[in-house]
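Notes for the one structure printed next.
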Amino acid sequence: MEGRGMRKLDFIFILLSLFFFLGSCDAGDEYTVNPHDNFEALWKLIDEKYCFFDYKHIDWDSVYEKYNVQISDTMDQYRLFNMLSTMLTELQDGHTNLISSFNTSHSWNWHENYPDNFNSVVLRKYLGDDYKSIEELYYCILRDNFGYVYYGNFSSPVSEANLDDIFSCFENCRGLIIDIRNNRGGSLVYSERIASRFTEEKRIVGYIMHKRSAAHNDFSDPYPIELEPSKGRKWLRPVVVLTNRSSYSAANDFVNKMKLFPHVMIIGDKTGGGCGLPFHSELPNGWGVRFSSSPILDANKEYTEYGVDPHLKIDIREEDQLNSIDTIIEEALRYLWDKTDGSVPAVTNTGYINR
């Protein structure tokens, strides 16, 4: 069952989507492939609706001057697409895409200039041959009786029944590792659904704002986002969440939530960020455009657009990787070994409790 906080967030997002749709219908009312018309429509749409101009110190008027002189009415659709895509990279935002029938633009700067800190071949060694899987979620029990979950995509469905089965499998485990490295996001519903298994009380985990006008910094007051504890099995024993710079969007949101819990340790690299709710619209030539429209803040009302810091920053050592050793998983196992004494807490009919 989804939490009330997320249902409120979904409702807000629906209202915001309707607001933006009504406010941007004029961009695509008259179909035209004219390059200048589409440039103007895209620039104006971003100018009025994008939510991080002031936070990122972006001079969007200067961007207009820079690219307007490069647009000509004789350029073909491919050159236009490349030019508009390059303009969108000025936003430094992985949630921003231009979408045509022949290509989709991406901005990858949020992770490309950092260590990978992940190797799927090495991970396969840790999973072994006796792992279980649900869509893109894989889980097993590692050495010293520590549970391990790798979740590679927050678009991959995970039900309440799935989570009950997973925690049942780990019933006698001393601690748990949740690995979301290289998870580039997906649904906030699954972020909330999993995080709700690690708390016994309702708490504010963040805030959301929406734009009130076309002014770049005209936002509503922050509206609280609440996380309610799951009614299913909960895990209150020591937990380590593994992250890297390719943990983005909903994965960033998940780390932001989990970092609030006292029995959770975040190990690895800073997340890739991405805290703006994306909105979809359309240009006059039919191309789609997606961009951040409503910022989500953390529990301290701070932006996490550029990522969430781990408790312990650690990179995979080159010599370890050459020997098929994942430095970050090994550090998590060491932490859990030191944190636990080998005893297993009691189990109630609603979940796990601490001693």
**Report entry** Accessible area per residue in Å² at 1.4 Å probe, computed on region 194-267
**Finding:** 33 Å²
Report task. Pop out the ³J(HN,Hα) list for region 211-225 in order, Karplus 6.51 cos²θ - 1.76 cosθ + 1.60 with θ = phi - 60°, rounded to Hz; leave Gly and Pro as x. Result -> 6, 9, 7, 6, 4, 4, 10, 9, 10, 5, 5, x, 9, x, 10
Report task. Could you work out how far helix 327-339 tilts from the main Cα principal axis of the chain, as a 0 to 90 degree angle to the nearest 10? Result -> 50 degrees
Requested in this report: May I ask for the net charge around residue 111, where only other residues with Cβ less than 15 Å from the Cβ of residue 111 are counted and Lys, Arg are +1 while Asp, Glu are -1?
Outcome: -2
Report summary line: Rounded to the nearest 10 degrees, the helix 4-24 long axis (Cα) sits at an angle to the longest Cα principal axis of the chain of 10 degrees
Report summary line: For the pair residue 30 and residue 214, the simple spin-label estimate (label points 7 Å beyond Cα toward Cβ) gives in nm 1.7 nm
Query raised in the report: Quick one: which of 132/301; 231/270; 132/259; 56/202; 231/339; 270/301 span more than 29 angstrom between C-alpha atoms?
Result: 132/301; 231/270; 56/202
**Report entry** residue 44 accessible area, assembled protein chains, probe 1.4 Å, Å²
**Finding:** 90 Å²
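If you roll a 1.4 Å probe over region 100-159 with all protein chains in place, what percent of the accessible area is carbon or sulfur?
43 percent
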Query raised in the report: What is the spin-label model distance, in nm, from residue 231 to residue 129 if the labels are put 7 Å beyond Cα along the C-beta direction?
Result: 4.3 nm
Query - Long-range amide H partners of residue 32 with built H, under 5 Å - result: 285
Query raised in the report: For region 38-93, with every protein chain kept in place, what is the accessible area per residue (1.4 Å probe, Å²)?
Result: 46 Å²
Report task. Over region 164-278, with every protein chain in place, what whole percent of the accessible area is carbon and sulfur at 1.4 Å, could you tell me? Result -> 44 percent
Report task. Step through the residues of region 238-248 one at a time and calculate ³J(HN,Hα) from phi using the Karplus curve (6.51 cos²θ - 1.76 cosθ + 1.60, θ = phi - 60°), rounding each to whole Hz and writing x for Gly and Pro. Result -> x, 9, 10, 10, 9, 9, 8, 5, 8, 9, 10
Query raised in the report: Expressed in nm to one decimal, what extension gain is obtained for the pair residue 221 and residue 160 from 0.36 nm per residue of sequence separation less their Cα-Cα distance?
Result: 18.7 nm
**Report entry** Under Karplus coefficients 6.51, -1.76 and 1.60, residue-wise ³J(HN,Hα) of region 299-314 in Hz, glycine/proline x
**Finding:** 5, 9, 6, 10, 6, 10, 4, 9, x, 10, 6, x, 5, 10, 8, 8
Report summary line: Simple spin-label estimate for residue 168/residue 204, 7 Å along Cα→Cβ, in nm, reads 3.8 nm
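The values are calculated or read from the model by the stated rules, or taken from the named source; none is laboratory data. All figures in this text were calculated on a predicted structure; none of them were measured in a lab. Please note: Cβ atoms are built from the backbone with ideal geometry, for glycine as well, and neighbour counts cover all protein chains shown. Heavy atoms of the whole protein, side chains included, go into the accessibility calculation; ligands, DNA and RNA do not. Shrake-Rupley method; radii C 1.70, N 1.55, O 1.52, S 1.80 Å.
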